[in-house]
Amino acid sequence: MILVSGCLCGVNCKYNGGNNLDERVLKLLQEGKAMPICPEQLGGQATPRVAHEIIDGDGAMVLDGKARVLSPDKNDDATEEFLKGANEALNIAKSIGAEYAILKARSPSCGFGKIYDGTFSGNKKDGNGVAAELLYRNGIKIFTEETLEEFFSKENNK
Ligand code: SF4
């Protein structure tokens, strides 16, 4: 079973109440191969909600207590919810024996390799989202919708 970001399956769990539907990920769900999760909702965040980004760091630094997850005006600190959501995502991954996760690129929770840079301007920086980092630290191989072809070629060559 593959853990996938719910918004990639068309679930309206995005901060603005929308989704990031990717038909290739939805197909995996329809074939019974995927389990959708939304770390931000699992952490207790409402939908719709204020957008948050990782300020002065990445998911690894948030896990290590060295960076925070804040709203644009910096008044809303969602770090604890992001950490809870990451841990719940890991619990689900373990319970379904997930070897792979396909997560939403650039998100402060789900992004892998690159994430938004904390300026809420659409700019990116190197690093992983909080949930992606925790899953990665626990041995789950992570792809995003931008590296899906790599995932499919890996699967086809098994
Ligand atoms: S936390 Fe992940 S699954 Fe939830 S809306 Fe954001 S990118 Fe999608």
- Task: Please specify each residue of region 59-107 satisfying the condition of being more than 20 Å from V11 (Cα to Cα), assigned to a loop (DSSP other than H, G, I, E, B) and within 13 Å of the ligand (Cβ to nearest atom).
- Result: A78
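Please specify each residue of region 20-58 satisfying the condition of being assigned to a helix (DSSP H, G or I) and either within 13 Å of the ligand (Cβ to nearest atom) or open to solvent by 50 Å² or more (accessible area, probe 1.4 Å) (or both). If you could, list the steps in order and put the result at the bottom.
Taking region 20-58 first, the residues assigned to a helix (DSSP H, G or I) are 23-30, 39-42.
Scanning region 20-58 gives E23, R24, V25, K27, L29, Q30, P39, E40, Q41, L42.
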- Considering each residue of region 1-19, count those that are in a strand (DSSP E or B) and within 9 Å of the ligand (Cβ to nearest atom), and give that number. 2
- Selection from region 108-142 of residues part of a helix (DSSP H, G or I) and β-branched (V, I, T) yields V130
- Message: Can you find, within region 110-158, the residue that is nearest to the chain's Cα centre (by Cα) among those that are under 16 Å from R24 (Cβ atoms) and aromatic (F, W, Y)?
- Response: F143
- Query: Of the residues that make up region 81-100, is at least one within 24 Å of K27 (Cα to Cα), surrounded by 18 or more Cβ atoms within 10 Å (Cβ to Cβ) and hydroxyl-bearing (S, T, Y)?
  - Reply: yes
- Residues that are closer than 23 Å to L3 by Cα and open to solvent by 40 Å² or more (accessible area, probe 1.4 Å), drawn from region 112-129: F112, K114, Y116, D126
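Looking only at region 1-19, count every residue that is open to solvent by 50 Å² or more (accessible area, probe 1.4 Å) and in contact with a strand residue (DSSP E or B) (Cβ under 8 Å, 6 or more places away or on another chain) and tell me the total. Let's see the steps before the verdict.
Start the filter on region 1-19 by keeping residues that are open to solvent by 50 Å² or more (accessible area, probe 1.4 Å), which leaves 1, 11-12, 14-16, 19.
Among the residues that remain, those that are also in contact with a strand residue (DSSP E or B) (Cβ under 8 Å, 6 or more places away or on another chain) are: 1, 11.
Final tally of qualifying residues: 2.
The values are calculated or read from the model by the stated rules, or taken from the named source; none is laboratory data. These numbers were taken from a predicted model, which means no experiment stands behind them. With ideal geometry, Cβ positions are generated from the backbone for all residues, glycine too; neighbour counts draw on all protein chains shown. Keep in mind that these areas ignore ligands, DNA and RNA; they rest on the heavy atoms of the full protein, side chains included. Shrake-Rupley method; radii C 1.70, N 1.55, O 1.52, S 1.80 Å.
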